[in-house]
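Working notes, beginning with the structure itself.
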Amino acid sequence: MSENNPLVRVENLVKHFPISRGVIFQKQVGAVKAVDGVSFEIKKGETLGLVGESGCGKTTTGRTILQLHKPTDGEVYFRDINLTEASDGKLRELRRDMQIIFQDPYASLNPRMTVGRIIAEPLEVHNIGTPNERKERVQELLRLVGLNPYFVNRYPHEFSGGQRQRIGVARALALEPEFIVCDEPISALDVSIQAQVVNLLEDLQKEMGLTYLFIAHDLSMVRHISNRIAVMYLGKIVELADRDTLFANTLHPYSIALLSAVPLHNPAAERERKRIILFGDVPSPANPPSGCRFHTRCPIAEKRCEVEDPEFREYEKDHWVACHFVEKAQQKM
Amino acid sequence: MEDKEVILDIQNLRTTFSTQEGLVHAVNGISYKLHTGETLGIVGESGCGKSVSMLSVMRLLEIPPAKIMADAIYFKGDNLMDYPNNEMRKIRGSKIAMIFQDPMTSLNPVLTIGFQIKEPLKLHLGMDNKEAEARAAELLKLVGIPDAESRLDDYPHQFSGGMRQRAMIAIALACKPTLLIADEPTTALDVTIQAQLVELVKELQDDLGMALIWITHDLGVVAGLAERVIVMYAGYVVEDAPVDSLYEDPRHPYTYALLKSLPKLIEVPGEKLETIEGLPPDLVEMPKGCPFVPRCAFAQEKCKTENPGLVEISLDHRIACWVDIKTGELR
């Protein structure tokens, strides 16, 4: 693999979940189009932030990349290996290098296993080291994520949310992966604890050269941690750019509205600023609107948006957007 | 502010829960006043007592295990602590209304939206079904639900999350309350829907002139909404200040650290977030001194042994701390 090749390349990824009717004679009556054609690349050592509202398909994207869901269509390349065609054995081998940290630190740790066993499990599955070496490695990992190695024999319920998320991080790091999907790792945590976990993730990235796909709905944290940010709406990426570019020069009407809806921690600025209030709710991904999926809520939509799905194009260098009327959005919003 | 009428005056409210692990001290003596038409934000992390303090005022906790104690809770001059349960019931939903955090679980799934909006109208205002029906449709229209008349017959599952929260607001506003308590009403919702609801509540508050208490853990929402903010930690009020002073000049080490731990809008690349190390105290074994001591960057010997009360340090700005964080020395 040459230096310039991206570590992860996603091409036109599609994941539809079937909706079935009937108990005995089940037949498919539709599909939830959770992810509907997304393409992006993640370079080695960078953090790509993936933001969007609930139900936009960001979690499904993360899981489908790791082949935890089988994609309906499209390709995922990891180090130029096509994961969608890889055999189960090959995938298991590759999973050593790609791990995931889950959103809910309460639901993602087995309550009947000690912390030591939870963290050692990936090592056991992949037959790495002798039992004694594993024990040492677990202690080392606990220290790495800022927990007392003395905790190995405790159970998850004895820990707070932030500490549990650290255990989840330790488990993901056990196999020394290259790539980690962080699926809303801080959403379930209190504000004062969020910063602790974000700092930990950043330190680990620096030390171990990790690559992250950081999924979240909290834009201010995503902005802090990401190099580039992708905005998703109803199963598609609508805008993708460098972090600073995305915030300074937002192109897509949805991104503009999303950024304007994020509360600022400054009363004076908050009173001054103009907020773009979107009408209505996010439509159902089982029956997405025709044409551009955002046209039902878009303040600048025209006839063309109802019929023609805008192409995801490189509007400026490294700044991708899917909208017919970028200039109009700039002027009117 | 002083010339306005005080509508809620909480004096030394304490709430405990008896559990198997021991007595949980959820609220540990909080006092504050709320004026007519005022918007108060209550901020704090989970378990700091912000919701429990409001549920105590509304007497919506199961007693036991809960035990609510207070010197007095005056609402429009009457002490709610003296009210028997049936009197409280007359106030809840009519004079003081509440919107809850989770719109998915706080509506009854087997009753239509219309029924649930009509309920307080019939109970508190004695309307007949026809009047109530018309008023319910008006209310639903008021909170921005299109096609309101026909949506009255829908069940909660036919509404989206944002619409359910709008329906909750319609129920809360049905009797034109003097005080609306919103307990993290937007936490379960997306930011674009949150923005819709914050705007809606602001408008309705202006129209109806009610006082508003907005409970949240999100310092951003409160910044744009509240006139005054109370910060709670481990069941205590640690800072109480007008919104601008709180954000520009926080004086309690916890508020200070909390604001510091948020990502800044303009960042120096590679800059790290400041963290508050450690965890909030165990509410069963409350420390003797200030509850924030183990995590406090300014802590002194005195802080470990004596709990600072809430004192006024400048006009309308109260904090519970022995230390002046500007100098790092005892005040």
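Just so it is clear, none of the values below were taken in a lab; they were calculated from the coordinates. This one's a predicted model, so the numbers in the text were calculated from it and none came from an experiment. We place every Cβ from the backbone using ideal geometry, glycine too, and count neighbours over all the protein chains shown.
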key: 222 nm mean residue ellipticity, helices alone, for chain A (DSSP H n ≥ 4; -39,500 (n - 2.57); rounded to 500)   = -9500 deg cm²/dmol
query = Picking from B:V201, B:S245, B:A70, whose Cα lies most toward the positive end of the charge dipole for chain B (charges on Cβ: Lys, Arg +1; Asp, Glu -1)?
reply = B:A70
remark   = Between the modelled labels at B:E301 and A:L68 (7 Å from Cα along Cα→Cβ) the distance in nm is 5.3
request  = Shielding by partners for B:253-261, please: the mean number of other protein chain Cβ atoms within 10 Å of each residue's Cβ.
outcome  = 2
query = Using modelled backbone amide H atoms (1.01 Å from N, in-plane), which distant-in-sequence or interchain residues come within less than 5 Å of A:V238's amide H?
reply = A:V231, A:M232, A:Y233
message = Using the basic label-point model (7 angstrom from Cα toward the beta carbon), what is the B:I313 to B:E329 distance in nanometres?
response = 1.5
message = Could you list A:H295, A:H126, A:H324 so that the one with the fewest beta carbons within 10 Å of its beta carbon is first and the one with the most is last?
response = A:H126, A:H324, A:H295
inquiry  = As an exercise, use a Förster radius of 51 Å and the Cβ-Cβ distance of A:V125 and B:H157 to find the FRET efficiency, rounded to the nearest 0.05.
reply    = 0.80
query = So for B:V237, B:V191, A:V152, fewest C-beta neighbours within 10 Å to most, what's the order?
reply = A:V152, B:V191, B:V237
message = Calculate the FRET efficiency for A:Q26 and A:S187 from the Cβ-Cβ distance with a Förster distance of 30 Å, rounded to the nearest 0.05.
response = 0.30
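Taking the range B:222-267, which GluC sites (Glu not before Pro) meet the DSSP loop condition and have no more than 11 other C-beta atoms within 10 Å?
Numbers: sites: B:E227, B:E239, B:E248, B:E267; in loops: B:E227, B:E267.
Hits after loop and neighbour filter: nothing returned.
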message = Could you list B:R151, A:R171 so that the one with the fewest beta carbons within 10 Å of its beta carbon is first and the one with the most is last?
response = B:R151, A:R171
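Over the range B:103-216, what is the relative contact order in percent, taking alpha-carbon pairs closer than 8 angstrom and at least six residues apart?
29
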request  = Could you list the residues of the range A:237-257 with an amide nitrogen less than 18 Å from a label point located 7 Å from the Cα of A:N227 in the Cα-to-C-beta direction?
outcome  = A:240-247
key: Whole-Å distance, taken between Cα centres, linking the range A:7-57 and the range A:171-192   = 20
ask   = Which of the GluC sites (Glu not before Pro) across the range B:36-87 are loop residues per DSSP, with 10 or fewer other Cβ within 10 Å?
value = B:E62
ask   = How big is the charge dipole of the protein assembly as shown about its Cα centre, in debye rounded to the nearest 20, if each Lys and Arg gets +1 on its Cβ and each Asp and Glu gets -1 on its Cβ?
value = 1120
ask   = D for the protein assembly as shown, whole µm²/s, Stokes-Einstein with Kirkwood Rh over alpha-carbon pairs at 37 °C and 0.692 mPa s: what number?
value = 121
For the range B:35-41, Karplus couplings with θ = phi - 60° (6.51, -1.76, 1.60), whole Hz, Gly/Pro x = 9, 4, x, 7, 10, 10, x
note = Of the listed pairs B:K90/B:K176; A:K236/A:K332; A:K33/A:K70; A:K33/A:K317; B:K33/B:K304, those with alpha carbons more than 21 Å apart are A:K236/A:K332; A:K33/A:K317; B:K33/B:K304
remark   = Going residue by residue through the range A:183-188, the Karplus relation 6.51 cos²θ - 1.76 cosθ + 1.60 with θ = phi - 60° gives ³J(HN,Hα) values, rounded to whole Hz and with x marking Gly or Pro, of 8, 6, x, 10, 4, 8
message = Under the 0.36 nm per residue contour assumption, what length would be gained going from the current alpha-carbon distance of B:E285 and B:K90 to full extension?
response = 66.5 nm
request  = Could you check the simple spin-label distance between B:T105 and A:D244, using points 7 Å along Cα→Cβ, in nm with one decimal?
outcome  = 4.5
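Could you give the dipole magnitude of the range B:103-216 about its Cα centre, charging the beta-carbon of Lys and Arg +1 and that of Asp and Glu -1, in debye to the nearest 20?
Working: 10 positive and 16 negative charges, 34 e Å.
Dipole about the Cα centre, nearest 20: 160 debye.
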key: Neighbour cut-off at most 10 other Cβ (10 Å), DSSP loop, trypsin sites (Lys or Arg not before Pro), the range A:108-139   = A:R112
task = Putting +1 on Lys and Arg Cβ atoms and -1 on Asp and Glu Cβ atoms, find which of B:L315, A:Q205, A:I128 reaches farthest to the positive end of the dipole of the protein assembly as shown.
result = A:I128
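Show me A:241-248, A:313-320, A:143-150, A:30-37 ranked by packing, highest mean number of other Cβ atoms within 10 Å first. Don't skip to the end; give the middle numbers.
Numbers: A:241-248: 18.1, A:313-320: 13.6, A:143-150: 15.6, A:30-37: 20.8.
With the highest mean Cβ count within 10 Å placed first, the list reads A:30-37, A:241-248, A:143-150, A:313-320.
So between B:S18 and B:D128, what do we pick up on full extension, going 0.36 nm a residue minus the alpha carbon distance?
Details: separation 110, 0.36 × 110 = 39.60 nm, distance 4.30 nm.
Here the answer is 35.3 nm.
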ask   = So, how do all the Cα-to-Cα distances of the range B:42-196 break down into 5 Å bins, in percent, from 0 on up?
value = 2, 9, 17, 20, 20, 15, 11, 6, 1, 0
message = In whole Hz and in residue order, list the ³J(HN,Hα) couplings for the range A:61-70 that follow from phi through the Karplus curve 6.51 cos²θ - 1.76 cosθ + 1.60, θ = phi - 60°; x for Gly and Pro.
response = 4, x, 6, 5, 4, 7, 6, 6, 10, 7
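If each DSSP helix of 4+ residues adds -39,500 (n - 2.57) and the sum is divided by the residues in chain B, what number results at 222 nm, nearest 500 deg cm²/dmol?
Details: 11 runs with 103 residues, N = 331.
Result for chain B: -9000 deg cm²/dmol, rounded to the nearest 500.
As an exercise, use a Förster radius of 51 Å and the Cβ-Cβ distance of A:R273 and A:D88 to find the FRET efficiency, rounded to the nearest 0.05. Intermediate results must be reported in sequence, preceding the final value.
On the way: r = 52 Å, r/R0 = 1.02.
Efficiency, from the Cβ-Cβ distance: 0.45.
Across the residues of B:273-284, average count of Cβ atoms on other protein chains within 10 Å? Mind showing how you got there, number by number?
Values: counts 10, 3, 9, 6, 4, 5, 8, 4, 0, 0, 0, 0.
Rounded to a whole number, the mean comes out at 4.
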